[in-house]
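The values are calculated or read from the model by the stated rules, or taken from the named source; none is laboratory data. Since the structure is predicted, the reported quantities are computational estimates derived from the model, not experimental observations. The accessibility values were calculated without ligands, DNA or RNA, using every heavy atom of the protein model including side chains. Shrake-Rupley method; radii C 1.70, N 1.55, O 1.52, S 1.80 Å.
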Amino acid sequence: MRLTREKLLAGAAVAALLALTGCGGGSDDKGTGAKETVPATATGSLEDLAAEVKCRPDIQTDADEIRQGVCKISAGKFILATFATDRGQREWLNGAKDYGGSYLVGAKWVAVGDQKMVTTLRGQLGGTLEEGVSHHSGGSGGGGTETEHSGHHSG
C-alpha cells in the first residue's frame with residue numbers, strides 16, 4: 001500500500017465531493033432538537049453500508065486497499081469509502097482532511113459530505129464525526145492566514 005496513491009485518491013474524492021456539495025461549508029444548526037440517538041457503528045462492505053442508508057453506490061474506486069463510491073439519497077450526495085486496514089483508513093483520512101469537508105468515521109469505513117449530510121448518516125450508521133481543515137479565505141474576511149498555506153500565493 002502506497003501512501004502517495006492513498007493521498008491522491010483521498011484528494012480526488014474530497015475535491016469531487018466538495019464540487020458536488022458546494023464546498024461542504026454547511027450551516028451551523030447545532031442545537032436543532034432533543035438529544036440525538038446514535039446507533040452502534042455499522043460494519044460491512046461498501047454495498048452493505050450503502051444498503052443501510054438505501055443507496056446504490058456508483059463505484060469510483062475498486063482496489064484491494066480501498067473501495068469508494070458516490071451515493072445519492074433524498075438528503076443529497078456523499079462519498080462512501082471502505083478500507084482493508086485501519087492504518088489505510090487513518091492515512092486516507094489524514095490526507096483527505098487537508099481538503100476540508102466533514103467526515104463520518106466507522107470501523108474501516110468513512111462517509112464524506114457536508115456537515116448536515118454526515119450528521120444525517122450518523123443517525124443511521126453510527127460512527128464518529130470529524131472535520132477537515134477549513135480553507136476559507138478571501139474577500140469575506142473570515143478565513144485562514146496566508147502563511148498557513150504557502151502554496152496559495154497569487155503572486
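Observations, loosely collected:
- E91 accessible area, 1.4 Å probe, all protein chains in place, Å² to nearest 10: 40
- Three principal axis lengths of segment 97-136 [C-alpha, angstrom, descending]: 30, 21, 10
- Each listed q (0.19, 0.22, 0.29, 0.31 Å⁻¹) maps to a log10 I(q)/I(0) for segment 57-96, found by the Debye formula over equal Cα scatterers with no solvent: -0.57, -0.71, -0.96, -1.01.
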